[in-house]
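Encoded as structure tokens, the structure appears first; notes follow it.
The values are calculated or read from the model by the stated rules, or taken from the named source; none is laboratory data. Keep in mind the model is a prediction, meaning the values are calculated, not measured. Reconstructed Cβ throughout: ideal geometry from the backbone, glycine too, with neighbour counts over all protein chains shown. We work out accessible area using only protein heavy atoms, side chains counted, and drop any ligands, DNA or RNA first. Shrake-Rupley method; radii C 1.70, N 1.55, O 1.52, S 1.80 Å.
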Amino acid sequence: MKLTSSPRLAQALADMGIHSFADVLLHFPYRYEDLNLTANGLYHDQQRLVLQGKVTSTPSIFRRGSFVTIRFTIKDQHGHLMHVIAFNRPFLAKMIVPGDTIMVVGKYDAGRQILNLINAFKEQTSESIKLKPIYRLPSTIENFVFTRLVKKALSMMDTLSFTSHVPSDIRQHFALADKKESLKTIHLPDTIEAVEKAMRIFKVEEAYQFTKTMMAIRQDNEATIKERMTPIKTGSVIDMMEALPYALTQDQMQAVNDILEDMNGKRRMYRLLQGDVGSGKTVVAALALYANALRKNQGALMAPTDALAKQHFKTLHELIGKQGLTIRLLVGSLSSTDKKAIKESLLNGTIDILVGTHALFSNDTEFFSLGLAVIDEQHRFGVNQRDLLKDKGKQADLLMMSATPIPRSLAMTVYADMDISTLTQFPFAGRKVKTKIVEEGDALIDYAIKAALEQQKRVYIIAPKIMESQSGKQSVITLYHQYAKRYPKQVTLLHGKLDAEDKEDALHAFTTGYTPIIVSTTVIEVGIDVKPATLMIIHDADTFGLASLHQLRGRIGRDGSEALCLLVVQDQALEGLERLQVLVNSNDGFYIAEQDLQLRGPGELMGSKQSGLPGFQYLNIVKDQEILKNIKKILHF
Ligand code: ADP
Ligand code: MG
């Protein structure tokens, strides 16, 4: 049966990987709005209120620049006349019609006797749902549209089938519920506790599959004894180290040492190099690739984006380019002739080191003698791609790098199969990024930009993540126009949908300072290294995970000067801002990653995917450690 008769909706769903009604049900809410009406009519300051009632005034709209404020009044269930105010959600004007009954959720400001709107619902009023599922959707799909699809899917449950790969002893051990029943609960819950129970089968399944993968990798590693490769002479690597433009930190030296020992060992290296943003992982990778070239093996360095691959390519040239090695770059933007030429020289062995995106490991790239593969920002690629190297070089050593530090206590659970080197020091000892939370429109924003421009620095403006279709967050394009107007000829735009050439132009303009301000989505989150950048302004900062925000601000202050990160929010009174305080108080990536996982409230059901930790969809590696541990025990791993 067709999902929808609207081709546009069908396409939007297909883009999310949703092709069937079963897929619809496997797209879980990322949180629930508690819609139990506020029982008591004596409201106190900052209380979260859920009110229902008739709209008693036509909404009035105020515009200041692109900033829109909407006000209206309702008569709520306790008979109070309540003034409601909503920021930057112009679409509400159409939805709020005098005489209609609606439901509003907001924070009460006792001083102004006004409700700061968080959410408004129309379709809700006819039903008795108490926990409203909120889905993570692209801006083209409204939450209520998706909810409708979910309902249709639930009504067809009998015709749908869901497979489960968990063996019966594990099912029994965890007393798992039926999958279909669980799905019903997840989409139409009575209580959060019920949802948590229903999630269990999905978590256990994921943990089971993860553990099986780990076991397979370990077995494979243990079974593969490397053929005798020429041992790497440590002395030559030390010579190379000394020729570098800077002295390595103690941690970096230790990591290089670990790597050389692995590479000279009997089994293939399977090592994770983890370290906070800016801790200097690239140079360690460069030395490993150099060492690998010394034993006459080819090396590969894989990055998640074209921009990062190009940057690595440049860095390798700067660091080890004078050693007569042939280093090449393979990215999507190359012409097919160039790609073909590169693939040929890769196969005949003339290329020593190949840098690129995942195209490096596509079916038609073949190496002559792959000895070392380095995968940067490995969490971006997910667990399943770890063994993508298998048929490229069975003997190849593998080095993975991640800037999302796993809290120490968890590393063993998540990376049970890997050896780990950790960089805890920063090359620039004094490097400090100050972080502040400000409201949209705060004078500090322009003040800071002007100061940065005067000092010939660079400024990142980050556009918010689109979370819910109705959130009305400012898009990257709107922000760009806003800033371009205020700072003519000084702003460039970067986002994922630009074609490769435009992306390159934008980054080039920014790096060279031709346009010292860049308005960007989080595509710059990974690895971009522009030294003179000292200011970052993140709009709707509350829509990001803490680990992401920490990654983002790691882009500034890299030339050793003082840097400032402004976390911009619509309103300081909004819910969930306490979370951001963690970033103001700490610069320790490990601590932040842990807090990020712990601070997710009971309504937050996502796995750790959003926090940048390895690709779990359902499991939260802090809260669900028990599940992982028990499965390991049952499987004797
Ligand atoms: P990340 O760990 O985030 O990938 P990078 O490898 O991009 O960090 O390094 C961040 C910056 O620090 C780069 O500009 C790099 O040149 C510089 N760097 C790395 N190691 C050192 C060092 N030992 N001394 C001085 N600068 C260093
Ligand atoms: Mg990096």
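Might you let me know whether region 355-365 holds any residue that is modelled with pLDDT of 90 or more, over 27 Å from Thr211 (Cα atoms) and either assigned by TED's automatic domain parsing to the domain that holds Ile259 or under 27 Å from the mean Cα position of the chain (by Cα) (or both)? Within region 355-365 (the criterion being modelled with pLDDT of 90 or more, over 27 Å from Thr211 (Cα atoms) and either assigned by TED's automatic domain parsing to the domain that holds Ile259 or under 27 Å from the mean Cα position of the chain (by Cα) (or both)), the answer is yes, since at least one residue qualifies. If you filter region 49-63 down to residues that are open to solvent by 30 Å² or more (accessible area, probe 1.4 Å) and assigned to a strand (DSSP E or B), you find that the one that is modelled with the lowest pLDDT is Arg63. Within region 134-144, how many residues are farther than 16 Å from Tyr32 by Cα, more than 19 Å from the chain's Cα centre (by Cα) and surrounded by fewer than 19 Cβ atoms within 10 Å (Cβ to Cβ)? Residues meeting the conditions: 1. The set of residues from region 151-175 being aliphatic (A, V, I, L, M) and under 25 Å from Ile134 (Cα atoms) comprises Ala153, Leu154, Met156, Met157, Leu160.
In region 337-361, which residues are closer than 13 Å to Gln298 by Cβ, acidic (Asp, Glu) and part of a helix (DSSP H, G or I)? Across region 337-361, there are no qualifying residues.
Within region 303-324, is there a residue that is without any contact (Cβ under 8 Å) to a residue 60 or more places away in the chain, away from ligand 2 (no atom under 16 Å from the Cβ) and open to solvent by less than 30 Å² (accessible area, probe 1.4 Å)? Yes; the residues of region 303-324 include at least one that is without any contact (Cβ under 8 Å) to a residue 60 or more places away in the chain, away from ligand 2 (no atom under 16 Å from the Cβ) and open to solvent by less than 30 Å² (accessible area, probe 1.4 Å).
Would you be able to say whether some residue in region 13-23 is of a type in the set (Val, Ile, Thr) and without any contact (Cβ under 8 Å) to a residue 24 or more places away in the chain? First the steps, then the outcome.
Taking region 13-23 as the starting set, the residues that turn out to be of a type in the set (Val, Ile, Thr) are 18.
Pick out the ones that are also without any contact (Cβ under 8 Å) to a residue 24 or more places away in the chain and you get 18.
For region 13-23, residues of a type in the set (Val, Ile, Thr) and without any contact (Cβ under 8 Å) to a residue 24 or more places away in the chain: present.
Looking only at residues in region 230-270 that are under 18 Å from Leu294 (Cβ atoms) and basic (Lys, Arg), the one that is surrounded by the most Cβ atoms within 10 Å (Cβ to Cβ) is Arg268. One residue alone among Leu389, Leu372, Leu398 is at pLDDT below 75, open to solvent by less than 20 Å² (accessible area, probe 1.4 Å) and more than 16 Å from ligand 2 (Cβ to nearest atom), and that residue is Leu389.
If I filter region 490-499 for residues that are in contact (Cβ under 8 Å) with a residue 40 or more places away in the chain and either touching a Phe, Trp or Tyr at 6+ places or on another chain (Cβ under 6 Å) or aliphatic (A, V, I, L, M) (or both), do I get at least one hit?
Residues of region 490-499 in contact (Cβ under 8 Å) with a residue 40 or more places away in the chain: none.
No, the conditions are met nowhere in region 490-499.
Restricting attention to region 187-203 and to residues that are more than 15 Å from Phe162 (Cα to Cα) and hydrophobic (A, V, I, L, M, F, W, C), the residue that is most open to solvent (accessible area, probe 1.4 Å) turns out to be Leu188. Filtering region 552-573 to residues that are open to solvent by 10 Å² or more (accessible area, probe 1.4 Å) and within 16 Å of ligand 2 (Cβ to nearest atom) leaves only Arg558.
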